[in-house]
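Just so you know, all these numbers are worked out from the coordinates, no wet-lab data involved. Bear in mind that the values here come from a model prediction, so they are computed numbers and not experimental data. Note that we place each Cβ from the backbone using ideal geometry, even for glycine, and neighbour counts take in every protein chain shown.
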Amino acid sequence: MSETGEEREARWPDLAGRIEDGRHILPVRVYHEDTDFTGLVYHANFLKFCERARSDMVRLAGISQTDLFSGEGEQEAAAFVVRHMDIDFLKPARMNDLLEVITTVEDLGGAAMTLLQEVRRGETVVARLHVKIVLVSASGKVMRLDALVRAALERFVNEEV
C-alpha cells in the first residue's frame, strides 16, 4: 500500500521549517554544491535558499500554490511572482554552516506583499532581502490578494517594521 502525500509529510514535520512568533524559519545546511571556488556560498544560492523559505512559508500558511496555479474553485489560475528584490550580502557563509532563513511580511497590500528575509548564522545576519511579491493570473495580469490568501498571511505581518 502506498502512502499519501499527507502521510509522507507527517514523517517529516520540520521539512518545511517552522512558524514561530509570527515568523517562518527554515533551516538550511550549506553543502559543497552551494559554494564557489573560494569555499564561500555563491551569491545566487542565497536566492535559492530564500525562494525555498518563501514557498514553505506559503505552504505552512495553508496556501496551496499548486491549487492556485491550477485555478481550483472559482479563482482564475494564478501564481506568486517576484516583482522586485533588494539584497544586502553582509557576511560570508561557508560549507557546513547551519543557516536559518527567517521570513516576515513587511507589508500586505491589495495586490502585493513585501517580505523581509534574513539569512542568519546564529545571531549573525549574513544576508538581508526585501522582496516584493505579486499574484498574477495565467495571462500575466496582476490580481488582488483574495480574502483567504490575506487571512493566511496576516499572521506573518511584522508590526515592528
Filtered residues of region 27-60 (kept if crowded, with 19+ Cβ neighbours inside 10 Å and closer than 16 Å to Leu153 by Cβ) = Ala53, Arg54, Asp56, Met57, Val58
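Please find, among Gly122, Gly71, Gly140, Gly110, the residue that is closer than 20 Å to Arg23 by Cα, among the small types (Gly, Ala, Ser) and surrounded by fewer than 17 Cβ atoms within 10 Å (Cβ to Cβ).
Values: Gly71 fails: closer than 20 Å to Arg23 by Cα; Gly140 fails: closer than 20 Å to Arg23 by Cα; Gly110 fails: closer than 20 Å to Arg23 by Cα.
Going through Gly122, Gly71, Gly140, Gly110 in turn, the sole match is Gly122.
Yes/no per residue for (1) among the acidic types (Asp, Glu); (2) in a strand (DSSP E or B):
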position	(1), (2)
Lys48	no, no
Asp67	yes, no
Asp88	yes, yes
Lys91	no, no
Val126	no, yes
His130	no, yes
When every residue in region 146-161 that is in contact (Cβ under 8 Å) with a residue 12 or more places away in the chain and over 12 Å from Ala61 (Cβ atoms) is compared, the one surrounded by the fewest Cβ atoms within 10 Å (Cβ to Cβ) is Val161
Tabulated pairs, region 69-98, first at positive phi, second assigned to a loop (DSSP other than H, G, I, E, B) and not polar (S, T, N, Q), C-beta under 7 angstrom, 6+ apart or interchain | Gly71/Ala77; Asn96/Val30
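Scanning for something part of a strand (DSSP E or B) and either of a type in the set (Asp, Glu) or without any contact (Cβ under 8 Å) to a residue 12 or more places away in the chain (or both), does region 112-123 turn up at least one residue?
Yes.
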